[in-house]
Amino acid sequence: AVAAAVLAVVATRPCFADEEATLEGQLVDAVSGEPVGWAVVILDERDHHAHADAEGRFRLEHLPAGLHTVQVLRIGYSPGGWTVNTPAGAVTEVTLRLVSRSVTLHESVVTADRSNDAVSALAAPEQVIGDQRLRQNLSRTIAETIALEPGLAQRSMGPAPARPVLRGLSGDRLLVLEDGGRTGDLSATSSDHAVAIEPLTTERIEIVRGPEAILYGGNALGGVVNVVRGAVPSERVERPRSAISWQLESVNSGIGSGIDVHLPAGPLVFRLDGSLRGAGDIGTPDGDLLNTDLTTGNTALGIGWVRPWGHVGIGYSLYDSDYGIPPDPIGGHPS
């Protein structure tokens, strides 16, 4: 058993109440001599206790004169047991040296049953933007397309280099994926780089918040934005199908068009998509905002072999964008 050290210092001085006594002192570590704060000091045989402050100092007043047994409750230390004599009408000062003691915790066993459900967060995303909702909000960039969704915003250095902001986090704290894979652009590290994904040929956008996002990267604290384009077909189609999109913008004389074609050939599915987008400088009441024009071209070809057990495919894509960044009057990019 571990025995607590005895009193180090005992001193008394007069007190105003002749029939009562006062006990005050400090708690210190028996080895290092450092103060031990935030402990509870108890007189066992009486209903008296006090809380030590950060420096280990305590004070007990209105005590009956005589001998008292003092105990100290503090995690990591033995409670001890000191006998202290408190004379009537005096203040007794003590220094109590506490002996450290390891804390033994009860064993905890955590068990779980393995589930056949998909672990991937994107297999069941928290929010999916697609079909009519996606077409209504379709814009020049992915960030602008989803900027009006709850909890989302965008940060941008111009019309083209925009990136989503989720829960106030962006950069490398927010992962932007294309068909579940990283895009390979530098938009996460530098705000003047664009996200290399064209919204015109997008099927849907999936948003994941919470701890599931860590499955796709240890730094994805904000979440994951997955842009599903279906570049490599994973489902069979019974007949050829295609989709064509057009966009017009008056603020910058912008025009954009995109086409997406699926062609079945037995167990094989061919997918071809392409898009072109062009826009001039943004017009303002004070004139054009220089260096806000953009020209973007995107094309992709994918082949998928779809079988009942799954699919195998290969794809190729090319994304080329030439865009401007408006000048900063204080410094930064020149006009």
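The values are calculated or read from the model by the stated rules, or taken from the named source; none is laboratory data. Here the structure is a predicted model, which means the values were calculated and not measured. Counting neighbours? That spans all protein chains shown, and the Cβs are built from the backbone with ideal geometry, glycine included.
Restrict the check to the stretch 164-171 and report whether at least one residue is under 17 Å from the mean Cα position of the chain (by Cα), assigned by TED's automatic domain parsing to the domain that holds VAL232, part of a helix (DSSP H, G or I) and modelled with pLDDT under 90. Checking the stretch 164-171: at least one residue is under 17 Å from the mean Cα position of the chain (by Cα), assigned by TED's automatic domain parsing to the domain that holds VAL232, part of a helix (DSSP H, G or I) and modelled with pLDDT under 90.
With respect to the conditions (1) in a loop (DSSP other than H, G, I, E, B); (2) in contact (Cβ under 8 Å) with a residue 12 or more places away in the chain; (3) out of contact with any strand residue (DSSP E or B) (no Cβ under 7 Å at 6 or more places or on another chain), GLU212 lacks only one, and its number is (1). Selection of the stretch 166-188 for residues being of a type outside the set (Lys, Arg) and farther than 21 Å from LEU294 by Cβ yields LEU166, GLY168, LEU169, GLY171, ASP172, LEU174, LEU175, LEU177, ASP179, GLY180, GLY181. GLY184 falls short on exactly one of the conditions (1) of a type in the set (Gly, Ala, Ser); (2) surrounded by 14 or more Cβ atoms within 10 Å (Cβ to Cβ); (3) over 21 Å from the mean Cα position of the chain (by Cα); (4) under 20 Å from GLY297 (Cα atoms), and that condition is (2).
Against the test of being among the β-branched types (Val, Ile, Thr), surrounded by fewer than 18 Cβ atoms within 10 Å (Cβ to Cβ) and not assigned by TED's automatic domain parsing to the domain that holds LEU23, the options THR141, THR189, THR201 yield a single qualifying residue, THR189. Give me the residue from the stretch 46-99 that is of a type in the set (A, V, I, L, M) and surrounded by fewer than 14 Cβ atoms within 10 Å (Cβ to Cβ) and, out of that set, farthest from GLY33 (Cα to Cα). Ranking the candidates gives LEU67 first. Filtered by the rule that a residue be surrounded by 14 or more Cβ atoms within 10 Å (Cβ to Cβ) and either of a type in the set (A, V, I, L, M) or not assigned by TED's automatic domain parsing to the domain that holds HIS311 (or both), the stretch 259-286 gives ILE259, VAL261, LEU263, LEU268, VAL269, LEU272, LEU276, ALA279, ILE282. Residues in the stretch 217-251 that are farther than 21 Å from GLY310 by Cβ and either among the hydrophobic types (A, V, I, L, M, F, W, C) or in contact with a Lys or Arg (Cβ under 9 Å, 6 or more places away or on another chain) (or both): 17 in all.
Residue-wise test of (1) more than 28 Å from GLU238 (Cα to Cα); (2) in contact with a Ser or Thr (Cβ under 6 Å, 6 or more places away or on another chain); (3) surrounded by 15 or more Cβ atoms within 10 Å (Cβ to Cβ); (4) modelled with pLDDT under 90.
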| position | (1), (2), (3), (4) |
| --- | --- |
| LEU294 | yes, no, yes, no |
| LEU301 | no, no, yes, no |
| TRP309 | no, no, no, yes |
| TYR316 | no, no, no, no |
| ILE330 | yes, no, no, yes |
| HIS333 | yes, no, no, yes |
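From the list VAL232, VAL261, VAL237, VAL306, the lone residue that is over 35 Å from the mean Cα position of the chain (by Cα) and not in a strand (DSSP E or B) is VAL237.
Residues that are in the same structural domain as LEU294 (by TED's automatic domain parsing), surrounded by 19 or more Cβ atoms within 10 Å (Cβ to Cβ) and within 36 Å of the chain's Cα centre (by Cα) do not occur anywhere in the stretch 244-254.
Number of residues in the stretch 284-303 that are assigned to a loop (DSSP other than H, G, I, E, B) and in contact (Cβ under 8 Å) with a residue 24 or more places away in the chain: the value is 4. Please work out if ASP273 is under 19 Å from THR183 (Cβ atoms), in a strand (DSSP E or B), free of Cβ contacts under 8 Å to residues at least 60 places away in the same chain and not polar (S, T, N, Q). Taking the combined requirement at face value, the residue does not satisfy it.
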